[in-house]
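Only one structure is covered here, and it is reproduced in the block below.
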Amino acid sequence: MRSVSVFGATGSIGESTFDLLMRDGGPEAYRCVALTGGQNVVRLAEMAQALRAEVAVTADEARLPALREALAGTGIECAAGTTAIAEAADRPADWVMSAIVGAAGLTPGFRALRHGGKLALANKETLVTAGQLLMAEAARCEATILPVDSEHSAIFQALVGEDMAAVERIILTASGGALRDWPLDRLASATMAEALAHPNWSMGARITIDSASMFNKALEVIETREFFEIEPDKIEVIIHPESIIHSMVGFRDGAVMAHLGAPDMRHPIGYALNWPQRQSLPVARLDLAALGALTFRAPDLNRFPALRLAREVMALRGLSGAVFNAAKEVALDHFIAGSLGFMQMAAVVEATLSRLAGEIALTSAASTLDDVLAADHLARIRAAEAAATLRK
Ligand code: NAD
Ligand code: MG
């Protein structure tokens, strides 16, 4: 019986993972080691009972009594807080889903790798902030990282049996997000509700807003660079509003391999769960005749400054990814709180990067995770200052 843990079980990716595990036999087919969540301890407790988890951990220490109450008499251990989440990652499991949102997913991901199993990585922030360290650690521990981001799963699948030396380019597709058809001069006044109306994908709130600003695609470009170890100038982004092609790989003979499918995260999650096999998955099958056409357009960098900043980060490498991500998280918090405008998020990230370039050696590679976390910490302070200056 395979053992599994899910970090961020109560989120959008976590729920889809839970759905697949339950359809696949639940506790009869998997030994569930750890499930973690945040505020929603009632849902976390339901999931832990359904999968007969060994331990359920909430990030919020104030919610521990409620979690204990919900799991009273079940024999399932309860714990709370950041340290407890990291400790849950110390419990060996054959397959671990990393689906916490943001830099909070870093430490549990790194700790889970140490057991040398399979790490299904939805938390793209881990690669963006600590990509070189993560890939080196995975090699050292003989662990396998399986990408769960739909684009990276698509690329990974297009590369099966291929030689990386024959890859000429990687083309990441982007839906363009909720505001892709807005006139440029209206974007500055976009509200959170408007940014949340994603045309194709149902996802957590933070990544949905990041899709509208293309910060999500910016993170994914960096994620591609780190995971596939491909030069930045070989990575392209194209807007594909239908979200049917999940990404493409172009080879030196001119062939382009595309991965198509319905926009449903249970495909990439299921691929990572069953890899290297393919099993039947409960996703809608494509009806190409009904779709009729797939369309593409080049992204406008004036509209999406995040894409330009991603290029700068890839040129700097080192600690710049950690700074970029932390500043983005702070800017997003401010946008959600209503204290920054939509286009001001990129301004905060840009200001933070240039400010920190004078304070730390942005281009020097992190030698430990602590180096990454220190850069993340300092970037959050500077980004908060930049946001206070720009505050609308
Ligand atoms: P979400 O907000 O729906 O869920 C996040 C989960 O993390 C929840 O379980 C929440 O309780 C937990 N969490 C939040 N803050 C935490 C903290 N500080 N410490 C510990 N746990 C915390 O997010 P999501 O949309 O499921 O995304 C999860 C990750 O997967 C993100 O990195 C995102 O970029 C990536 N991803 C998501 C999608 C998608 O379709 N949702 C697609 C590709 C990649
Ligand atoms: Mg994606």
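The values are calculated or read from the model by the stated rules, or taken from the named source; none is laboratory data. If you're wondering where the values come from, they're calculated on a predicted model, not measured in any experiment. With ideal geometry, Cβ positions are generated from the backbone for all residues, glycine too; neighbour counts draw on all protein chains shown. These accessible areas exclude ligands, DNA and RNA; they are computed on the full protein's heavy atoms, side chains included. Shrake-Rupley method; radii C 1.70, N 1.55, O 1.52, S 1.80 Å.
Summary value for the chain: 14 percent relative contact order, contacts being C-alpha pairs under 8 angstrom separated by 6+ residues.
At a 10 angstrom cut-off on C-beta neighbours, averaged per residue, how do the peptides 206-218, 227-239 rank from highest to lowest? Walk me through the numbers on the way to the answer.
Working: 206-218: 25.3, 227-239: 16.2.
Order by mean packing, descending: 206-218, 227-239.
Just the number, please: Stokes-Einstein D of the chain in µm²/s, Kirkwood Rh from C-alpha pairs, 4 °C, 1.567 mPa s. This corresponds to a translational diffusion coefficient of 61 µm²/s. Summing Cβ point charges (Lys, Arg +1; Asp, Glu -1) relative to the Cα centre of the chain gives a dipole of roughly 320 debye. When the Cα positions of L301, P276, L378 are compared along the charge dipole of segment 251-380, P276 comes out farthest toward the positive end, with charges on each C-beta of Lys, Arg, Asp and Glu.
In the elastic network of the chain, a GNM with C-alpha springs shorter than 10 Å, the most mobile of G176, G341, G81 is G81. Taken about its Cα centre, segment 15-138 carries a charge dipole of roughly 140 debye when the Cβ of each Lys and Arg holds +1 and the Cβ of each Asp and Glu holds -1. The heavy atoms of C141 offer some 20 square angstrom of accessible surface to a 1.4 angstrom probe. For segment 65-152, dividing the convex hull volume of the Cα atoms by the residue count gives 106 Å³ per residue.
Under the classification rounded if a/c is under 1.5, otherwise prolate if a/b is larger than b/c and oblate if not, where does segment 234-297 fall, given a ≥ b ≥ c as square roots of the Cα gyration tensor eigenvalues? It is oblate, given that a/c is not under 1.5 and a/b is not larger than b/c. When the chymotrypsin sites (Phe, Trp or Tyr not before Pro) in segment 290-392 are filtered for DSSP coil states and for at most 13 other beta-carbon atoms within 10 Å of their beta-carbon, the remaining sites are F296.
Sequence-distant contacts, meaning Cα pairs under 8 Å at least 6 residues apart, place the relative contact order of segment 45-125 at 25 percent.
Hey, what's the chain come to in accessible area per residue, 1.4 Å probe, Å²? Please report the intermediate quantities before stating the final value.
Numbers: 15890 Å² over 392 residues.
Per residue, the chain has an accessible area of 41 Å².
Look at where the Cα atoms of segment 341-392 and of segment 143-180 average out, and the two centres are 28 Å apart. With helices as the sole contributors, the chain gives -14000 deg cm²/dmol at 222 nm; each DSSP H run of n ≥ 4 counts as -39500 (n - 2.57), and the sum is divided by every residue.
Please work out whether segment 45-195 counts as rounded, prolate or oblate from its C-alpha gyration tensor, where a ≥ b ≥ c are the square roots of the eigenvalues and a/c under 1.5 means rounded, while otherwise a/b larger than b/c means prolate and anything else oblate? If you can, show how the numbers build up before the last one.
Values: a/c = 2.41, a/b = 1.27, b/c = 1.90.
Oblate is the answer for segment 45-195, as a/c is 1.5 or above yet b/c matches or exceeds a/b.
Could you please state how large a percent of the accessible area of the chain is carbon and sulfur, counting protein chains only and using a 1.4 Å probe? It is 52 percent, rounded to a whole number. If you sort the three axes of the alpha carbon gyration tensor as a ≥ b ≥ c, you get a/c of 1.5 or more for segment 329-392 and a/b above b/c, which makes it prolate.
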